Amino acid sequence: MTMLPPGLSLITACGNRLVFLHRALPTWLAMAVDEVIVVDWASAPPIRRADLPADPRLRLIRVEAEGWHLPSAYNLGLRLARFRNVMKLDCDITAAPWALAVNAPAPGAFITGNWRRAPQGQQHLNGSFIAAQADLAAIGGFNEWFEGYGWDDDDLYTRLLAQGLTRRLIAPGSLSHLPHSDALRGADGSPALHIQMNRALADLMPVWDANSPSRHFHAIGPDHFTAAPRIRAPLHFRQMARSLASYRMVGPGIAAPAARSRPPRGQAGPDAATRPAP
């Protein structure tokens, strides 16, 4: 991998969430970042550059694609980043002007949110992180075997830890999540079930790494791409993941096909990961 110059690239991906981007983007540009990459993943209508701040650090990347897929969108952002360190924020996360001063990148470490230690209402900061571009490239970025939504952040952190890196936590108050309903999270059905499905896929499939079949993109103009079809996990693994997810949601003593109603979040079986996903 070519050595990138010192500095920090902030990346985000946005699919039909412009209202949040308008609120978050000025707070990002108030930080001492070297560039901000906004991946517009098939928003309808497309995000227009003229509707965003006239800051030369801002790059708007348009992707024509079918269906939202967070790992693909953010992996494209990682590939396009021009600086040595990367800050990943979803478009519903705002930053304090001093956020980078208290979350300075350090060799051999990465910085993340943590849903277990977040204040009430801020658990969705779990998906925010700062890491070295080289460390992210070494693990292949986000796990593109995942379906839909959830567990992408925990899986990425687990693989960074397996590389011998140290995890530090984002300084309290430096980032803030803009609240909204689960309906905007891109999950068809129960978000908790999607978390468990992707958690199961991570257990069943080979560990995602730099040699995994990451999605291809075709340039059709300056900062304008079409997404090739992604390579999905084999059907039998997806079916196994769904069965395992349902089992984890309801516990071992209940036969619960996916179509059956499930208990409310917080009342799932003891092995369920009931945190909200970012």
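Ala131 sits among other residues whose Cβ lies under 13 Å from its own Cβ, and their net charge, with Lys and Arg +1 and Asp and Glu -1, is +3. Accessible area ranking (1.4 Å probe, heavy atoms, ligands and nucleic acids excluded), largest first, for Thr94, Thr112: Thr94, Thr112.
Looking at the range 136-251, the accessible area is 45 square angstrom per residue; that uses a 1.4 Å probe and ignores ligands, DNA and RNA. Take the Cβ atoms of Ala54 and Arg79, set R0 to 30 Å, and the FRET efficiency comes out at 0.75. Summing Lys and Arg as +1 and Asp and Glu as -1 over all other residues whose Cβ lies under 11 Å from the Cβ of Leu18 gives a net charge of +1. Computed over protein heavy atoms with a 1.4 Å probe, the carbon and sulfur contribution to the accessible area of the range 7-80 reaches 58%.
For Ala44, neighbours were defined as the other residues whose beta-carbon sits under 15 Å from its Cβ, and their charges (Lys and Arg +1, Asp and Glu -1) total -1.
The values are calculated or read from the model by the stated rules, or taken from the named source; none is laboratory data. Predicted model, so just to flag it, every value in this text is computed and none were measured. For neighbour counting, all protein chains shown are included, and Cβ atoms are generated from backbone atoms with ideal geometry for every residue, glycine included. Just the protein is used for accessible areas: all its heavy atoms, side chains included, with ligands, DNA and RNA removed. Shrake-Rupley method; radii C 1.70, N 1.55, O 1.52, S 1.80 Å.
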